[in-house]
Amino acid sequence: MPTFRILSFVLALLAAASAWGASAVGEHKLRIVASNYPLAYFAERLAGPWATVTLPAPADVDPAYWRPDAKAVGAMQKADLILLNGADYEKWLAHVALPRLKLVDTSAGFRDRFIRIESAVVHSHGPAGQHSHEGTAFTTWLDFDQAAQQAEAVAKALIAKRPELKTAVLDGLKTLHADLAGLDSEVKRITAAKPGLPLMASHPVYQYLARRYALNLKSVHWEPGEMPPEKEWTGLDKTLARHPAKTMLWEARPAAAVADDLSARGIASAVFDPCANRPESGDFLAVMRQNVENLKTSFQRR
Amino acid sequence: MRHDFYLAWRHLRHHRTRTLILVLCLSLIAALPLGLHRVLDAGEYWMTRRAEATPLLVGARGSSVDLTLGALYFSEAGVPAIRMQEADRIAATGWADPLPLYARYRVQGQPLVGVTLDYFDFRGLVPAQGELPAILGDCVLGADAAERLGLGPGDTLASTSENAFDLAGTYPLKLHVTGVLAKARSPDDHVVFVDLQTAWVIDGLGHGHAETQMAAAQPDSPFGPATVRRADAGLLTYTEITPENLGSFHFHGDPATYPISAVIALPHDVRSATLLRGRYLDEKSETEIVRPLDVTRGLLQNIFRVGALFDGILLLVGAIAFLLVALVFALSLRLRQREIETIYLLGCARLAVLRLLFAEILLIALFAGAVCAAVLAAAAPYASDLARHFILS
């Protein structure tokens, strides 16, 4: 009988300790700031209820071109983790004061495979002579293998910050990796059916997608909501003469008039949304699945 | 006994000048060694506490004392620069968190130190007024620096350019004060802190300028004119960072090669600290790692040796002064011979004269002790300043 009582007491103590631990974690939620939605999505999936994930860029702004003001920087300074895409995505980083130890460069693991943008602006001043501000392609997550590496970097940072969450974070990472691997293999399967199929892109943001899945892709510099001037159409016609694409990838659905003019040239419009900001509906995975479906339709078109 | 002290007091009052000189001599003889020890104790406390809180320090190979004094106490001598890649190297080991700092400049006599925001967390520095720096060009002042400069949040101060007369070189940058730190009773109180990137702008590694020319090139915006912004040597470099021109500020070269003074390494545990120290055993390496506490203890030992020498000298001076005081008393007794005889004639015992003399000596000692305590109390608030001035400058 005494043994039973002691056992009950110990079990009660353990239950109380567990409840206290859970509430302690709940009370001190990790404050995570992400510089774009894919990273916010990864953090939300991995940290679950133990973190509050914030995407400071306004909903109607591309986070790649957003610049934080002093108030936004102040809010970021108070975060426990600041998730950065890297690859020159956060151009504002050189203009703000943030705690380096809280910054997580999620693409640092594949820095050597960044794609350089060659058409850099050249200027000169002072004794240093001419120099250029070279750019780097930054939509790294459109290569789903790279996206998986970025998710892993997020997981590592979370575990380093909260070692007690290791099991939960690793479980979350496993399922997230499985989802990203599913997208990766599906795109590979689609593109392998017609290797070298010419494609057009409305914006030069698909560099990593094109490299990973061997897309034969040429870009113009168009916005979905704007009708390109005649000069652009002439340029497109010249490109099409050498590069007979039947599909143009868009970041968002193009204006009807633009889609019609493209259609008249035998080019269908397909949306492949990089999903840099939080979508109005669904989540990163849903948007990417829709992108893959749209790509599949393009590859099935004769 | 009360009458003895009354008579002694009246006698001392009557010979005011002599009493005053005696009191001052005795009080200063006592105050000097005590004050010196106060300054040394303050210096020891001040330096040891700072060194204890800083586990490891990485900097240019050379004098570990200069490195420690420059990086921890921001001494005017400064330290040779190392490269930012040293901080990245430490971070890459996974054994320690690096805190780079750049303490090359001074602004209106105060050290101007570039740090990352982590430094404030590490030292427990919080703003008493305003906020920490947020944007390039912001600065936050230590409590004493704010008092000396008479500045607060919203004010501005110009960084002092090293080459003010070099027209092709860097320009002073107008810094925006965003906050004043709460008093920490440490060297941080005297510092003007900026973000490391702002320190590099002051260094001329980053700058912003107006765009002056438009040249034909590949378009950088859809459907816009086919132009590219081009700057040349004739353009105007901004000397103040504002929200309007912030976007034009940029850095040149690889940030890993940018200069810093030192890196404070915060090892995760004892094993990590040992492993990290092992990385710096190569004598040919351009950088070295030091334990500030060891360096500070070594430095303090030297200071205490000098202090002991001072003690010896002061003891000798004190003994001489004591003999001189005794001589003064002996001579005064001779001068007071008739007065003493009168006391005997009045029927007082020899002991009464001794009691009178004892009361006089005691009163002088008490006055001297009070003056000594007052001098020490008045100097106490300046003990750490004096220690910093004499030990670190």
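To the nearest 10 degrees, how steep is helix A:37-47 against the longest Cα principal axis of chain A, on a 0 to 90 scale? Taking Cα atoms only, the helix is inclined about 20 degrees. Cross-link list A:71/A:156; A:156/B:183; A:71/A:161; A:71/A:218: which exceed 30 angstrom alpha carbon to alpha carbon? Going by Cα-Cα distance, A:156/B:183; A:71/A:218 fall outside the 30 Å limit. One Cα centroid belongs to the stretch B:295-322, the other to the stretch A:251-302; the line between them spans 83 Å. Between A:270, A:59, A:79, the residue with the greatest mean-square fluctuation in the GNM of chain A (Cα pairs under 10 Å linked by springs) is A:59.
Most simply put, the protein assembly as shown has about 60% antiparallel DSSP beta bridges, counting only bridges with both residues inside it.
Projecting label points 7 angstrom from Cα along Cα→Cβ for residue A:62 and residue A:28 puts them 4.1 nm apart.
Classify the stretch B:51-132 as rounded, prolate or oblate, taking a ≥ b ≥ c as the square roots of the eigenvalues of its Cα gyration tensor: rounded when a/c is under 1.5, otherwise prolate if a/b is larger than b/c and oblate if not. Oblate. Across the stretch B:71-77, computed HN-Hα scalar couplings (Karplus, 6.51 cos²θ - 1.76 cosθ + 1.60, θ = phi - 60°) run 8, 9, 10, 6, 5, 5, 5 Hz from first to last residue, x flagging Gly and Pro. Computed from label points 7 Å out along Cα-Cβ, the spacing between residue B:365 and residue B:346 is 2.4 nm. For residue B:322 and residue A:233, the FRET efficiency from 1/(1 + (r/R0)^6), where r spans their Cβ atoms and R0 equals 60 Å, is about 0.05.
For residue B:240, the residues 5 or more places off, or on other chains, whose built amide H falls under 5 Å of its own are B:174.
Once the C-beta distance of residue B:17 and residue B:302 is scaled by a Förster radius of 56 Å, the resulting FRET efficiency is 0.85 to the nearest 0.05.
Geometric descriptor of the stretch B:1-118, per residue, is 201 Å³ (volume of the convex hull of the Cα atoms). Between A and B, roughly 2600 Å² of accessible area is buried in total, ligands, DNA and RNA not counted and the probe set to 1.4 Å.
Helix B:292-335 axis versus longest C-alpha principal axis of chain B: approximately 20°, rounded to the nearest ten. Counting Lys and Arg as +1 and Asp and Glu as -1 over every other residue whose Cβ lies under 12 Å from the Cβ of residue A:161, the net charge comes to +4.
Given a Förster distance of 45 angstrom, what is the FRET efficiency for residue B:6 paired with residue B:310, based on the Cβ-Cβ distance and rounded to 0.05?
Efficiency at R0 = 45 Å is approximately 0.65.
Take every Cα pair under 8 Å whose residues are at least 6 apart in sequence, average their separation, divide by the length of chain A, and the relative contact order is 15 percent. Split the accessible area of the protein assembly as shown by element, probe 1.4 Å, and carbon with sulfur accounts for 59%. With the simple spin-label model, which puts each label point 7 Å out from Cα in the Cβ direction, the residue B:240 to residue A:214 separation comes to 5.9 nm.
The values are calculated or read from the model by the stated rules, or taken from the named source; none is laboratory data. Just so it is clear, the structure is predicted and the values come from calculations on it, not from any experiment. Here the Cβ is made from the backbone with ideal geometry for all residues, glycine too, and neighbour counts use every protein chain on show. Side chains included, ligands, DNA and RNA excluded: accessible areas come from the protein's heavy atoms. Shrake-Rupley method; radii C 1.70, N 1.55, O 1.52, S 1.80 Å.
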